[in-house]
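S.K.: Quick one: the structure is below, and I'll ask about it shortly.
The values are calculated or read from the model by the stated rules, or taken from the named source; none is laboratory data. Predicted model, so just to flag it, every value in this text is computed and none were measured. Every residue, glycine as well, gets a Cβ built from its backbone with ideal geometry; the counts of neighbours run over all protein chains shown. Only protein heavy atoms, including side chains, enter the accessible area calculation; ligands, DNA and RNA are left aside. Shrake-Rupley method; radii C 1.70, N 1.55, O 1.52, S 1.80 Å.
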Amino acid sequence: MIDKLTPYRLRRAEKREEDWKDRERLARTEFIGWLGFGILSPLEAWLLMLVIGALHGLTAGVPAIGYGTALLLTLGVDLAAWWLGRFRRTK
């Protein structure tokens with residue numbers, strides 16, 4: 001005797017497999033994004049420190065900042081951009 005629920009069960013199994021592949025793809029993308037953020041943030045802070053140092057050399061009104069301050073400023077700007085991006089997204 002053929003089970004009437006077999007096609008339904010097969011479709012559910014295929015759907016679960018597709019969902020699992022989508023989750024793996026999303027996790028891989030997020031990992032690459034975090035890795036890029038971890039590599040590029042210190043570089044971005046170092047470049048910001050150099051630019052502000054150059055502006056400090058041109059005019060005395062711009063205070064010189066160190067690497068730690070530049071890194072914290074970079075992380076703060078990135079966090080603010082992330083929050084603003086969350087408010088703009090629609091699902």
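S.K.: Using the alpha carbon gyration tensor of region 12-91, what are the three equivalent-ellipsoid semi-axes (square root of 5 times each eigenvalue), largest first, in whole Å?
M.R.: For region 12-91, the semi-axes come out at 41, 14, 7 Å.
S.K.: Shifting gears a bit: Mind ranking Leu58, Leu79 by accessible surface for me, highest first, 1.4 Å probe?
M.R.: Leu58, Leu79
S.K.: Per-residue HN-Hα couplings for region 72-77, Karplus 6.51 cos²θ - 1.76 cosθ + 1.60 at θ = phi - 60°, whole Hz, x for Gly and Pro?
M.R.: With the stated coefficients, region 72-77 comes to 5, 5, 5, 5, x, 5 Hz.
S.K.: Let's test the formula: R0 of 22 Å, r as the Cβ-Cβ distance of Ala81 and Glu30. What FRET efficiency results, to the nearest 0.05?
M.R.: 0.85
S.K.: Taking only C-alpha pairs under 8 Å that are 6+ residues apart, what is the relative contact order of the chain in percent?
M.R.: Relative CO of the chain lands at 21 percent.
S.K.: Using a 7 Å offset from the Cα along the Cα-to-Cβ direction at both Leu73 and Asp19, what is the distance between the two label points in nm, to one decimal?
M.R.: 4.7 nm
S.K.: Taking region 1-63, which trypsin sites (Lys or Arg not before Pro) meet the DSSP loop condition and have no more than 16 other C-beta atoms within 10 Å?
M.R.: Within region 1-63, the qualifying trypsin sites (Lys or Arg not before Pro) (loop, at most 16 other Cβ atoms within 10 Å) are Lys4.
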